[in-house]
Amino acid sequence: MLESFPGHKLVLEPQQVLESNIGWPVLQIDLLQQLMGTARRLGQSALATRHMTFLLQTMWQHLNAHDQKEMALQLQNLSSQCEGAPVPLVLENGTIIPPANLTDLPLCSQLLVKDLPSHMKPLKIVVAKADSGPFLFTPIHFSSMDRRQPKDDSKISFNWIQHDVCEENLKLTNPLPFELQVTDIRLLTTGVFFEAFPQTVMLQPNVLTTVALHGTPIESGELDIQGYSTHTLGVKSNCRLKHMLHRNELVISPQ
């Protein structure tokens, strides 16, 4: 059944499906449901959970409210037998099933990095150089030689203190018609070692909720916030900002 993916305009990588957005959703949903049912009957609980996670992640916008609810509850039932994790699954024939993450359950609409107060921000001390006489400098930049990197508008600069508790706020919404428990929410970072503190929240249906995430930089240096991780409906997900910016009007700013 996996070999029929190309004919249904599907690939195994969820992000590619979301970016291409081609094919016939009704047929794609039916194929994914058959895959999930077959894996469950064969006793492949991890694979059944993965296929249902893939379905919800890639076909959410094509499901009506009733189907969204029913499939979310079905995923919760499947994951009670085998928890979903953001790691590849290797089948007996060698096929690798990539991870599937629920980046929109819950839906993040805003990310606020709590910057240091102005009186606590570090200042660069400029040391005056001794006057060594007249010196003429004329910078010349040629287009083929200018190696300066273009400014990335998706990035913001902020200052946090080593060994101090830092904060970032997420504005989350539960799109499901029932209360959604989200556990083990924590920041995903790269760069210097960062100790992220987990958070748990109960989200009411269609209510915007602000969740404060905390952590402590253990080292000094550059810290890159990649996103956050969640555990919901029995599935652990890595919600990376680069995978959400093109689908949601996600606001990223210092606070």
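Of note:
- Calculated FRET efficiency for the pair Gln34/Ser80, C-beta based, R₀ 22 Å, to 0.05: 0.55
- Computed from backbone phi with θ = phi - 60° and the Karplus coefficients 6.51, -1.76 and 1.60, the 3J(HN,Hα) list for the stretch 80-89 is 5, 8, 8, 5, x, 9, x, 10, x, 10 Hz; x is used for glycine and proline.
- Cα gyration tensor category, rounded, prolate or oblate, for the stretch 24-90 with a/c compared to 1.5: prolate
- In this structure, the amide hydrogen of Leu188, modeled 1.01 Å from its nitrogen in the peptide plane, lies closer than 5 angstrom to those of Gln226, Gly227, Tyr228, Ser229, counting only residues at least 5 positions away or on a different chain.
- ³J(HN,Hα), Karplus 6.51/-1.76/1.60, whole Hz, each residue of the stretch 20-31, x for Gly, Pro: 7, 6, 10, x, 10, x, 4, 5, 5, 5, 4, 5
- Extended-chain gain in nm, criterion 0.36 nm per residue less alpha-carbon gap, Val11 and Val87: 25.7 nm
- When the Cα positions of Gln74, Val113, Ile96 are compared along the charge dipole of the stretch 55-124, Val113 comes out farthest toward the positive end, with charges on each C-beta of Lys, Arg, Asp and Glu.
- For the stretch 95-103, Karplus couplings with θ = phi - 60° (6.51, -1.76, 1.60), whole Hz, Gly/Pro x: 5, 9, 9, x, x, 10, 10, 8, 6
- Between amide H atoms placed 1.01 Å from N, distances below 5 Å from Glu195 occur with Thr216, Ile218, all of them 5 or more places distant or on a separate chain.
- Among 91-100, 225-234, 195-204, the order from most to least packed when residues are scored by Cβ within 10 Å on average: 225-234, 195-204, 91-100
- Surface analysis of the stretch 1-69 yields an accessible area of 52 Å² per residue, using protein heavy atoms and a 1.4 Å probe.
- Relative contact order of the stretch 1-114, taken over Cα pairs closer than 8 Å and 6 or more residues apart, is 25 percent.
- Virtual spin-label span in nm between Asp224 and Lys114, 7 Å along Cα→Cβ: 2.6 nm
- Close amide-amide hydrogen proximity is noted between Ala85 and Lys236, each under 5 Å apart and 5 or more residues distant or on a separate chain (H modeled in the peptide plane; Pro and chain starts excluded).
The values are calculated or read from the model by the stated rules, or taken from the named source; none is laboratory data. On a predicted model such as this, the values are computed, not experimentally measured, just so you know. Counting neighbours? That spans all protein chains shown, and the Cβs are built from the backbone with ideal geometry, glycine included. SASA here: full protein model, heavy atoms, side chains in, ligands and nucleic acids out. Shrake-Rupley method; radii C 1.70, N 1.55, O 1.52, S 1.80 Å.
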